[in-house]
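The values are calculated or read from the model by the stated rules, or taken from the named source; none is laboratory data. If you're wondering where the values come from, they're calculated on a predicted model, not measured in any experiment. Neighbour counts are summed over all protein chains in view; Cβ atoms, including those assigned to glycine, are modelled from backbone coordinates with ideal geometry. Calculation scope for accessible area: heavy atoms of the full protein, side chains included, ligands and nucleic acids excluded. Shrake-Rupley method; radii C 1.70, N 1.55, O 1.52, S 1.80 Å.
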Amino acid sequence: MSLKKINPIKTKSWSKLKAHFNEIENKEIKDLLSTRSNPSCFSLGWNDFNIDISKNRIDNTTLNLLLDLAKECGLEDAISKQFQGNIINETEKRAVLHTAIRTDGNEKINVDGLNVVPSILETRSKIKSFTNDIISGNLKGDTGKPFTDVVNIGIGGSDLGPVMVVEALKHYSSRLKPHFVSNVDGDHVLEIIKDLNPETTLFIIVSKTFTTQETISNANTIRDWLVSKLNVSAVSKHFAAVSTNLTEIKKFGINQKMVFSMNDWVGGRFSLWSSVGLSISLAVGYENFSKLLSGANKMDKHFQNIEFKNNIPVVLALLSIWYNNFFKCETEAVIPYTQYLSRLPAYLQQAIMESNGKSIDRNGNPVEYQTGNIIWGDTGTNSQHAFFQLIHQGTKLIPCDFIGFKNPLFKENTQHNKLMSNFFAQTEALMMGKSEKTVVEELKKAGLNANEINSLKAFKIFNGNRPTNTLLIDQLSPESLGSLIAMYEHKIFVQGVIWNIYSYDQWGVELGKQLASKVLKEIENKKISDHDSSTNSLLKSYLSN
Ligand code: G6Q
């Protein structure tokens, strides 16, 4: 059964939200804070997550109307269809079950009438023994030496999730050193392998299709390098593969024991929980990988079972729609206050923008409203010294997620209070701003005369009223990270359901790929065919090199 097709802007709640927006548009968050009838609605506690949404341009009515919108758009039905394995990715005719691969094993999940849980657990146990064998040194390279380095060869969904998680969980590292090769840029792969010892390096080719140009080119380059350094029989000991394409894996020369399967009901950008996460398991050990899955599974249960008003992904998604569709915000920023999450914004860019960057609705018609948010961000405090100027005083309204942790990871860390004081201060400053009166007082105190104050004050005023969500979590652990990622995954789905689009396909990445293969042939044959005048002249210039 497919998802319902409901045009959100034709719903009663949308009309009410429009009228309500006119009332609230110019209100100040700091005033709304004191007038809200039920302040506890603006704070969502769950496990070790404490999510404060009170610094938003909303009141109780806004929240209620947004919750009505979710109901009117059939969200409840959509969630159960997703978890039941219905074909909700209709344009690719697939179920969407990344949630199944982090099952706690106590449920039955049917795809085409077959319970897939046993095979999920089987793959997991293969990941576990492989990980343990590599880390313990039981499985060795061609010359009998234990592996020291692991290189993940993949791109897009077969790279961004693993690379983000491995960086995020660096504190929990195993003895193996992880590396990631993704770009078809040959310099990228050569830069990475130049310092590696072929005798002690394991390569994992991660490609659902095993036809992706970037991944296969990098894998071939690395295989040639390995063969030149060792010998052709080393390939079967130094390469593992994660894919659905068993025929191509065999042709590459990979040993069956080193092959990990994938399912077509797990989309690339949601696949880090599957054998695509093999590099995560190797980098942090299977126990930690398993905790990551369990944290995600807990968030899945929260998302499935908790009423919408206390449902974290649902509420965050609705707030995002509020800003995107009513305030007409173009972008959202994600600012983690931990260096370990430096890759989170890039990961979310794919997850969010590839999923909801759509302009055709589920009826096949062009949408009449804005979809897909543009996501960007970087870690605090670094970003404070970079782009925060624009968030504080620029002309654009940019809702931000601030993600912080109560406890640091190093016991010896004496700087955590400094980090977190910035975390709290920034959201307060964004909301409160700084009034003309305060600016003038400060300038007077600093000894400026009236003329100087008059010419300077406008530049020093902060209008404030800039919305933020604060996500305060006990500690960055495999489990809390799993929950955090799953939270964003579900937020994406909720928005897609309400926008009446298909979040789980990605046709928009095809056109450029097709053209690139045509252009490559032309470059190789040194014969340019009929492009537009701009592309023709650029290609001529490239070929004249
Ligand atoms: C993600 C996309 C895409 C995909 C890559 C790699 O949802 O489908 O990013 O993951 O194009 O594809 P392969 O795993 O097939 O190489």
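Here are some notes:
- When segment 270-300 is filtered for residues that are within 16 Å of the ligand (Cβ to nearest atom) and open to solvent by less than 10 Å² (accessible area, probe 1.4 Å), the ones remaining, listed by number, are Phe270, Ser271, Leu272, Trp273, Ser275, Val276, Gly277, Leu278, Ser279, Ile280.
- Residue ranges of helices (runs of 4 or more DSSP H) in segment 4-99 with at least 1 members farther than 26 Å from Ser355 by Cβ and open to solvent by 20 Å² or more (accessible area, probe 1.4 Å): 12-24, 29-35, 60-72
- Test: residue in segment 248-263 that is under 23 Å from Ser125 (Cα atoms), within 16 Å of the ligand (Cβ to nearest atom), polar (S, T, N, Q) and crowded, with 18+ Cβ neighbours inside 10 Å: yes
So that you can scan it fast, the table gives a plain yes or no per residue for (1) open to solvent by 60 Å² or more (accessible area, probe 1.4 Å); (2) touching a Phe, Trp or Tyr at 6+ places or on another chain (Cβ under 6 Å); (3) within 19 Å of Trp499 (Cα to Cα); (4) within 16 Å of the ligand (Cβ to nearest atom):
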site: Phe303; (1), (2), (3), (4): no, no, yes, no
site: Leu316; (1), (2), (3), (4): no, no, yes, no
site: Tyr323; (1), (2), (3), (4): no, no, yes, no
site: Phe327; (1), (2), (3), (4): no, no, yes, no
site: Ile335; (1), (2), (3), (4): no, yes, no, no
site: Ala351; (1), (2), (3), (4): no, no, yes, yes
site: Asn365; (1), (2), (3), (4): yes, no, yes, no
site: His385; (1), (2), (3), (4): yes, no, no, no
site: Ile391; (1), (2), (3), (4): no, no, no, no
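- Subset of segment 159-168 that is assigned to a helix (DSSP H, G or I) and within 16 Å of the ligand (Cβ to nearest atom) - its residue that is surrounded by the fewest Cβ atoms within 10 Å (Cβ to Cβ): Val163
- Of the helices (runs of 4 or more DSSP H) lying entirely inside segment 469-545, those carrying at least 3 residues that are under 26 Å from Gly372 (Cβ atoms) and either among the β-branched types (Val, Ile, Thr) or more than 16 Å from the ligand (Cβ to nearest atom) (or both) are 478-498.
- You will find that of Asp187, Asp133, the residue that is assigned to a helix (DSSP H, G or I), within 29 Å of the chain's Cα centre (by Cα) and surrounded by fewer than 22 Cβ atoms within 10 Å (Cβ to Cβ) is Asp187 and no other.
- Failed condition for Val206, given (1) within 18 Å of Ala346 (Cβ to Cβ); (2) touching an Asp or Glu at 6+ places or on another chain (Cβ under 6 Å): (2)
- Whenever a residue of segment 165-190 is in contact (Cβ under 8 Å) with a residue 40 or more places away in the chain, its partners that are acidic (Asp, Glu), lying with C-beta atoms within less than 7 angstrom and at least six residues away or across chains, give the pairs Leu176/Asp149; Phe180/Asp159.
- Criterion: at pLDDT below 95 and of a type outside the set (Ser, Thr, Tyr) - qualifying residue of Lys170, Lys208: Lys208
- Check on Asn138, more than 16 Å from the ligand (Cβ to nearest atom) and surrounded by fewer than 16 Cβ atoms within 10 Å (Cβ to Cβ): yes
- All conditions but one from (1) under 19 Å from the mean Cα position of the chain (by Cα); (2) within 27 Å of Phe21 (Cβ to Cβ); (3) surrounded by fewer than 24 Cβ atoms within 10 Å (Cβ to Cβ) apply to Gly267; the one that does not is (2).
- Of all residues in segment 141-158, those satisfying the criterion of being open to solvent by less than 10 Å² (accessible area, probe 1.4 Å) and either in a loop (DSSP other than H, G, I, E, B) or at pLDDT below 95 (or both) are Gly141, Phe147, Gly154.
- For segment 205-244, taking the residues that are part of a loop (DSSP other than H, G, I, E, B) and within 16 Å of the ligand (Cβ to nearest atom), the one that is most open to solvent (accessible area, probe 1.4 Å) is identified as Thr211.
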